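What follows is a short report on a single structure.
Where a number appears in this text, it was derived from the coordinates with a stated rule and is not lab data. In this text the structure is predicted, and so the values were computed from the model without any measurement. Positions of Cβ are backbone-derived with ideal geometry, glycine not excepted, and every protein chain shown enters the neighbour counts.
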Amino acid sequence: MWRDARIVMAKDLAIERKAKVALRQVLPFVFSLVLLFAFALDRVLVDDPLVSGDTVPVPFVAPGVFWLAVLFSAVLLIQRSIGLEVDDGSWDQLRLWGIDPVGVFVGKATVVALQLFVIELILGVAMTAAFQVSLPRTASAISLLLIVAVLTTIALSAIASCYGALSAGIRVRETLVPVLLLPVTVPLLLASVQAWQGAFTAETSSGWAWVRLLGVLCVIYVATGVLSYGALMEE
Amino acid sequence: MSGVVALLGTFPALSGFDIDVARGEVVALRGPNGAGKTTVLKVAAGLIPVQRGVITVLGSDVRVDRRSIRRHLGLLGHATGLYADLSVTQNVQFAVRAAGTGASASDAKKSVEAALERLGLNGRLKDLQVAHLSAGQRRRVALASLVARQVSVWLLDEPHASLDPEGRDLLDELIAEAANRGTTVIMASHDLDRADQIADRVLRLQGGRIVTENSHVA
């Protein structure tokens, strides 16, 4: 399984190195999205958690904007990842080569996760500057940010890969993937946003409570992929 | 295959299909569009589930041991199964590695190089991205993957399509060489002259059944 995962991963990374879709298409899309959010929320944002009234403090809004942008990136990346296999019949070839379906799942989900990590890093730096967010300074808050990022990214890549495979043989997969995927990611989005809000507002204990939910979701989504990918590839 | 019934949606693509192909035999399937030629190939590869019947490849039931049987099969369909962003060499290398031929790294490398040379894809072509190739050249790359994998059964769907006359002759040579090595070849073809020339048996299909069978030594 690990051998097949490495082979699929190396192939998808080689394709990304050539095509640079994540950097040249997904990243600009994400920047546009965040920019639009910034314009749309301009009048309701302030950079002070203590300000009340009709305004919303940036630390409460920025995590939501960030994770929504990451979620939309995942939709685009998984469409691309499955499109590579489906466009010229490679999906059937993978099945014919007797490659381990779990290896395909792990390989493809890992590449999507790596692309998401890069996008998150660049987006995080850009949003910190654009929204003038003060980054947390305590070790607890920083580790909370990082652990949430890792768990959310793994869970999102895993469940997106499952829905990508599910839609592989369907002609309307471009429109079907977001329709199927977005509702399933609601608890993931909720937990990651709440946990990051905890980190940004120095209420790390409430943030850590959400990490437990993220951990459970991560295990469920990865297990779903491992158990179902074989059937999804064959159907 | 014995008594195979396969549906495409609700359409009966194969209705009680029987065929027995020996090791090293070349069988050509002919027939009008929708006769079931492509379905026979996909059913043999286990890519289309069957409602009834038994499919045995290399002595094993496809439904029981699908994954390990598939490693011995090579399918060249209408789609080439190539990755447009990868180079010619990368595509063939990936096919050999993913199919796990059991060969050592150096042997696998040699078989990739030999296949590329045999298909006329050496030189500058081997480093070219598949996206920049013509349809005929892509077909050659797909054939190179098949040759490099050294599988026991070739399932070819309209293999001469898109190939230039030289490519068609080369394909015929490859099929003859493979059959001499003991590779079984089943191909669907509309090219009646070529099918007659290279096949040991030509089966005419209609409505998902064999309606006529001509045997001869190629």
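For this structure, a couple of remarks:
- Dipole of the protein assembly as shown, positive direction: furthest Cα of A:Phe105, B:Ser189, A:Pro63, with charges on the beta-carbon: A:Phe105
- Qualifying aspartates and glutamates (Cα of each under 17 Å from Cα of B:Lys109; at least 8 residues distant if same chain): B:Glu117, B:Asp127
- The 3J(HN,Hα) values that the Karplus relation (6.51, -1.76, 1.60; θ = phi - 60°) gives for the stretch A:116-125 are, in residue order, 5, 4, 5, 4, 4, 4, 5, 5, x, 5 Hz. Gly and Pro appear as x.
- Around the amide H of B:Val5, modelled in the peptide plane, lie the amide H atoms of B:Gly16, B:Phe17, B:Gln51, B:Arg52, B:Gly53, all under 5 Å away and 5 or more residues distant in sequence or on another chain.
- For the stretch B:59-218, averaging the sequence separation of C-alpha pairs within contact (under 8 Å, six or more residues apart) and dividing by the residue count gives a relative contact order of 23 percent.
- Projecting label points 7 angstrom from Cα along Cα→Cβ for A:Val186 and A:Val216 puts them 1.7 nm apart.
- Relative contact order of the stretch A:82-235: 35 percent, from C-alpha pairs under 8 Å at least 6 residues apart in sequence.
- Acute angle (nearest 10 degrees) that the helix A:186-200 long axis makes with the longest principal axis of chain A, alpha-carbon atoms: 40 degrees
- Between the residues B:His78, B:Asn91, B:Gly53, the greatest Cα displacement towards the positive end of the dipole of the stretch B:16-115, with unit charges on the Cβ of Lys, Arg, Asp and Glu, is found for B:Gly53.
- Whole-angstrom Cα spans of chain A along principal axes, big to small: 61, 32, 28
- The stretch A:149-235, relative contact order [Cα under 8 Å, separation at least 6], %: 45 percent
- Its alpha carbons give the stretch B:6-164 an Rg and a Dmax of 16.7, 49 Å.
- Taking a ≥ b ≥ c as the square roots of the eigenvalues of the alpha-carbon gyration tensor, the stretch A:85-155 is classed oblate because a/c is 1.5 or more while a/b is no larger than b/c.
- Cleavage-rule hits, trypsin sites (Lys or Arg not before Pro), the stretch A:145-235, DSSP coil, Cβ neighbours within 10 Å at most 13: A:Arg171
- Candidate cross-link partners of A:Lys108 among the lysines, defined by an alpha-carbon separation under 22 Å and a same-chain spacing of 8 or more, comprise A:Lys11, A:Lys18, A:Lys20.
- Gain upon complete extension [A:Asp87, A:Ser206; 0.36 nm per residue less C-alpha separation]: 38.3 nm
- Computed over the protein assembly as shown, the alpha-carbon pair-distance distribution with 10 angstrom bins reads 4, 19, 25, 20, 14, 9, 6, 2, 0, 0, each value a whole percent.
- If only the Cβ of Lys and Arg carry +1 and only the Cβ of Asp and Glu carry -1, the dipole of the stretch B:69-218 around its Cα centre is close to 580 debye.
- Among B:Ser68, B:Ser106, B:Ser162: highest mean-square fluctuation, GNM of chain B, C-alpha pairs under 10 Å: B:Ser106
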